[in-house]
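Here is the structure we will look at.
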Amino acid sequence: MTDWLASVYPWTKAFHVMAVISWMAGLFYLPRLFVYHAERGTSAGEPRESLKIMEYKLLRFIMGPASIATWVAGLALVFTPGIVDWTMVWPWTKATAVLAMTVFHHWLMIERKKLARGEGSTGRRYRLMNEVPTLLMVVIVLSVIVKF
């Protein structure tokens, strides 16, 4: 049943890497847009309206599809025979970090709606939150490459 996954493994892995890059680009950029929105987009008109459109489109048309593609390809890799040894620590640290990344993505969606209503947080908070995907990326990459 899963033998076909082994035959398409290089393609699945390549698709997964491309999807992750797209998702991560959005996870790095959206909090920065939130900083601009919180600090410069407080009054009606421009740049507030432009920032709202940019934030929505980044989430809806880039980050959403990229996160789904990342999960689909990632799960395909998990179910490919011989790829993941669940007796080791690294798959668990990676899985935990990916789940945390997904939670962060959903937090960004909530914050975008708050900002659109004029209820967002401070630029300082968004600057701090901008570091979250970097820290999670470090855990994920070290887990997969170093296999600690």
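The values are calculated or read from the model by the stated rules, or taken from the named source; none is laboratory data. Since the structure is predicted, the reported quantities are computational estimates derived from the model, not experimental observations. Cβ atoms come from the backbone with ideal geometry, glycine included; neighbour counts cover every protein chain shown.
Here are some notes:
- Considering the stretch 1-22, the residues that are surrounded by fewer than 12 Cβ atoms within 10 Å (Cβ to Cβ) and in contact (Cβ under 8 Å) with a residue 60 or more places away in the chain include one that is farthest from residue 69 (Cα to Cα), namely 3.
- Among residues of the stretch 91-120 that are within 16 Å of residue 36 (Cα to Cα), those with a beta-carbon under 6 Å from a residue that is of a type in the set (Gly, Ala, Ser) and not in a helix (DSSP H, G or I) at least six positions away or on a different chain give the pairs 114/120.
- Hits in the stretch 100-137 (condition: within 18 Å of residue 68 (Cβ to Cβ) and either outside any helix (DSSP H, G or I) or among the hydroxyl-bearing types (Ser, Thr, Tyr) (or both)): 102
- The sole residue among 76, 25, 44, 97 that is assigned to a helix (DSSP H, G or I), of a type in the set (Gly, Ala, Ser), surrounded by fewer than 17 Cβ atoms within 10 Å (Cβ to Cβ) and out of contact with any Phe, Trp or Tyr (no Cβ under 7 Å at 6 or more places or on another chain) is 25.
- Scoring residue 68 on the criteria (1) surrounded by 11 or more Cβ atoms within 10 Å (Cβ to Cβ); (2) in a loop (DSSP other than H, G, I, E, B) leaves a single failure, condition (2).
- Residue check for residue 132: of a type in the set (Val, Ile, Thr) and either buried (at least 19 other Cβ atoms within 10 Å of the Cβ) or under 27 Å from residue 4 (Cβ atoms) (or both): no
- Residue within the stretch 30-40 that is more than 26 Å from residue 135 (Cβ to Cβ) and surrounded by 12 or more Cβ atoms within 10 Å (Cβ to Cβ) present: yes
- Within the stretch 13-35, considering residues that are of a type in the set (Phe, Trp, Tyr) and under 12 Å from the mean Cα position of the chain (by Cα), the one nearest to residue 55 (Cα to Cα): 29
- Residue, farthest from residue 99 (Cα to Cα), within the stretch 8-54, restricted to residues that are among the polar types (S, T, N, Q) and modelled with pLDDT of 95 or more: 12
- Any hit, the stretch 58-72, residues being in contact with a helix residue (DSSP H, G or I) (Cβ under 9 Å, 6 or more places away or on another chain) and basic (Lys, Arg): no
- Residue satisfying all of: in the stretch 50-64; surrounded by 12 or more Cβ atoms within 10 Å (Cβ to Cβ) and without any contact (Cβ under 8 Å) to a residue 12 or more places away in the chain; farthest from residue 133 (Cα to Cα) among these: 50
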